[in-house]
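Worksheet: one structure, shown below.
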Amino acid sequence: MGFSLRSGHRQYIIVGDVFVVGRGLDADLVLDDESVSRRHASFRIDDGVPIVCDLRSRNGTRVNGRPIAGAVQLKAGDEISIGSHNLELTHASPHTDPDALRATVPMVEGPGETGEVPAPVLAALSRREREVFALLSSGVPQREAAEKLGLSVKTIETYRTRIGQKLGLKSRAELIKYALQAGVLRPPEG
């Protein structure tokens, strides 16, 4: 049986060797919160035992209200506080295929969201695709995105096509609208 993190009505399955939570787009679960470090905490399952580790975050990680240092074993029902977010560790259903669920669960959570976030948000994207998504949805031209990521323009175009296919988006305008609805991108103030 696997484990998941629950935040309100959302559930995030802990998959892979290390599941990183943080503010940076390279995290597995991105929390859009200034009190969260870019790579705040990591979760892993060792011999069926869930473990959380604070990654030297600026504001620390708490388990059941107590600050932790290093790696700490968890059990179902424990509450993990990361910034202003409280995550509850729960058992994942034994009938759930983690890969299938991961592809349909929103992986970005933050205060910019209004209403339901369209699934799969960033869950279906690789880390590199998330980087490209972030740049393109914020209006960075493809040539500039290629330079920033050390890739060719053609590679950026390929990533953009893959992102569009995975998220069901056909144009750059749809990509930006999607990013706004998902809370990944904030509308300009004014």
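The values are calculated or read from the model by the stated rules, or taken from the named source; none is laboratory data. Model, not experiment: these values are computed from the prediction. Because the Cβ atoms are built from the backbone with ideal geometry, glycine has one as well, and the counts that use them run over all protein chains shown. With ligands, DNA and RNA removed, areas are computed over all heavy atoms of the protein, side chains included. Shrake-Rupley method; radii C 1.70, N 1.55, O 1.52, S 1.80 Å.
Remarks
- Search result, residues across the range 1-13 that are modelled with pLDDT of 80 or more, open to solvent by less than 30 Å² (accessible area, probe 1.4 Å) and not aromatic (Phe, Trp, Tyr): Ser4, Leu5, Ser7
- Condition check for Arg38 on (1) touching a Leu at 6+ places or on another chain (Cβ under 8 Å); (2) surrounded by fewer than 19 Cβ atoms within 10 Å (Cβ to Cβ): one failure, at (1).
- Looking across the range 45-60 at every residue that is assigned to a strand (DSSP E or B) and aliphatic (A, V, I, L, M), the one that is surrounded by the fewest Cβ atoms within 10 Å (Cβ to Cβ) is identified as Val49.
- Residue match in the range 74-82 (condition: within 24 Å of Glu131 (Cα to Cα) and among the hydroxyl-bearing types (Ser, Thr, Tyr)): no
- Residue in the range 36-50 that is over 14 Å from Glu79 (Cα atoms), at pLDDT 80 or above and in contact with a His (Cβ under 8 Å, 6 or more places away or on another chain) present: yes
- Counting the residues of the range 61-87 that are modelled with pLDDT under 95, farther than 20 Å from Asp47 by Cβ and open to solvent by 30 Å² or more (accessible area, probe 1.4 Å) gives 4.
- Count of residues meeting criterion [within 11 Å of the chain's Cα centre (by Cα) and β-branched (Val, Ile, Thr)] in the range 14-34: 3
- Only residues that are surrounded by fewer than 19 Cβ atoms within 10 Å (Cβ to Cβ) and touching a residue at least 12 places away in the same chain (Cβ under 8 Å) were counted in the range 154-169, giving 3.
- Candidate set: the range 122-142, residues that are modelled with pLDDT of 85 or more and in a loop (DSSP other than H, G, I, E, B); chosen: the one nearest to Ser7 (Cα to Cα): Val140
- Positions within the range 51-70 being of a type in the set (A, V, I, L, M) and in contact (Cβ under 8 Å) with a residue 24 or more places away in the chain, in sequence order: Val52, Leu55
- Residue in the range 152-168 that is at pLDDT below 85 and part of a loop (DSSP other than H, G, I, E, B) present: yes
- All of Ala145, Ala119 fail the test of being hydrophobic (A, V, I, L, M, F, W, C) and either open to solvent by less than 40 Å² (accessible area, probe 1.4 Å) or modelled with pLDDT of 70 or more (or both), apart from Ala145.
- Pick from the range 18-35, criterion open to solvent by 60 Å² or more (accessible area, probe 1.4 Å) and not hydrophobic (A, V, I, L, M, F, W, C), ranking: nearest to Ser7 (Cα to Cα): Arg23
- Test: residue in the range 40-59 that is small (Gly, Ala, Ser), within 12 Å of Ile14 (Cα to Cα) and in contact with a Pro (Cβ under 9 Å, 6 or more places away or on another chain): no
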